[in-house]
1. Which pairs turn up if I take residues in segment 12-36 that are modelled with pLDDT under 95 and look for partners that are part of a helix (DSSP H, G or I) and of a type outside the set (K, R) with beta carbon separation below 6 Å, at least 6 apart in sequence or on another chain?
2. Can you tell me which residue within segment 70-82, out of those that are modelled with pLDDT under 95 and either buried (at least 19 other Cβ atoms within 10 Å of the Cβ) or aliphatic (A, V, I, L, M) (or both), is nearest to L6 (Cα to Cα)?
Amino acid sequence: MKIGILGSGMVGQVIGAKLIELGHEVMIGTRDPGKLDDKKGWAGSLGAWLNQAGAKGKVGTFAQAAAFGETVVNASNYAAHSHSSRSTF
């Protein structure tokens, strides 16, 4: 199943990694997908997550992740929530 995750912090990365481990394809949505080397709060960088995720992991904008997923998970923090909602729906 293709799953979009809105939020690239620790929660989004951990959920994404587990879903990939279970055989799903995952796209994590973030405000700026070009900043793969930036550390995401207490989580690692999205570049490190992509390296671990392999071919089943992708990174895009919130809108791209929402469009990608047959199921969408909101793992954004409150501050990012209004941004992800506006850009996605």
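1. Every condition considered, the pairs that remain are L36/L46; L36/G47.
2. Going through the qualifying residues, I end up with S76.
The values are calculated or read from the model by the stated rules, or taken from the named source; none is laboratory data. Computed from a prediction, not measured in an experiment: that's the story for all the values here. Here the Cβ is made from the backbone with ideal geometry for all residues, glycine too, and neighbour counts use every protein chain on show.
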